[in-house]
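Here the structure is laid out as structure tokens; the discussion comes afterwards.
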Amino acid sequence: MTLPKRQSFFLGNELPHTPRVLVADDDWLNRDLLETYLKNAGCEVISCADGQEAWESYQRQPPDIALLDIAMPGMDGLTLCRHIKENEATGYIPVVIVTALDAEDEKLRSLEVGADDFIGKPYSTVVLLTRVRSLLRTKRLHHQLEERNQLLREVLNRYVDKDIAEVILQDPERHLKLGGDNRFITVLFADLRGFTPFTETNPAEQVVETLNLVFNELTEIVYRNGGTFDKYMGDSIMAFYGAPIREPDDIQRALRTGLEMQERFKELQKEKEILGSLGIGVGVHAGEAIVGNIGSERVMDYTVIGDTVNVARRLQEMARPGEILISEEVHSRVPSLEVKHLTTQHLPGRSEPMRLYGLKSF
């Protein structure tokens, strides 16, 4: 076996860091040869004489790729490979079986335990380093994909509970569309009543601290009920249910959100005397709307637009402090609600009057 030219097989730039290669072989000559080839190619090498030693090293600091002999004292290479691949956190680490045993039989056994490649001894150093380079590139792509998934996860966590974010990540093509999508959704608006006079009689720091406190509590209630946070607008919060994940009880979850918001705000008023002059008005409406990533190339939000949003906001504006105002559409779909019929109103943009109800419980 001859070492190819260093510049032809430099592996040190295949990853953002120096590649760490775990070599496990009970034959010291084989270990030394592999270590020499890999170090000359720009890799850091962890050399182990048996499978148990290699497994302990792997657990302390997982490598970027592992080259394993099969026949070793104690833990053999196939068992070690199985342990590596069964570890959910690092099962993506490439494993190459390098052995002098019968190629066809051992290749099959290696693939059965999850090995990514198989090289029989004696091997061509060119082939060995070429395959290592290919697997390091695959690992780099996996790392890049994980980074993008993490970024997407962080973005999703701004809008939905982390458990829902994980469901979306499992099947993003199903739950997310780059363009708009017509959905039947339920929209909720909640607004702080009495906030304008509050801002005029309190220091700016106190105003911001109070608003952040209330928003934090209300937003957590949205997440807890499986809603999608949309945005803060002045002293209002907007959320919707039915996108990106649609559930059969979207309306009920929106109503539960409104009730819990009112209950929690009453508790906060007991805890924080400064909230005594404030209240919350909530509006909930359900109907068809357009959902999607809307905005400019520089700024874009996952949001909802349409008449359903306008009606929900109008109901919130009409709701008195401590009140949850719902539409006829919401009431008709959940007839078991305990409500009081408040009024029939002509809302802007609608030809027919709408019955409005005050939600008590359900």
Restricting the range 44-75 to residues that are touching a strand residue (DSSP E or B) at 6+ places or on another chain (Cβ under 9 Å) and assigned to a helix (DSSP H, G or I), which is surrounded by the most Cβ atoms within 10 Å (Cβ to Cβ)? 54
Counting only strands (runs of 3 or more DSSP E) entirely within the range 130-243, those with at least 1 residues that are of a type in the set (Asp, Glu) are 181-193, 228-233
Conditions (1) crowded, with 17+ Cβ neighbours inside 10 Å; (2) more than 21 Å from residue 289 (Cβ to Cβ); (3) polar (S, T, N, Q); number of the one not met by residue 216: (1)
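I'd like to check which strands (runs of 3 or more DSSP E) are fully inside the range 259-362 and have at least 3 residues that are more than 30 Å from residue 198 (Cβ to Cβ), touching a residue at least 12 places away in the same chain (Cβ under 8 Å) and out of contact with any helix residue (DSSP H, G or I) (no Cβ under 6 Å at 6 or more places or on another chain).
Details: elements: 279-295, 300-305, 324-327, 338-345, 354-361.
Passing ranges, in order: 279-295, 338-345.
Where a number appears in this text, it was derived from the coordinates with a stated rule and is not lab data. Not measured: the values here are computed from a predicted model. Heads up, the Cβs are rebuilt from the backbone with ideal geometry, glycines too, and the neighbour counts pull from every protein chain shown.
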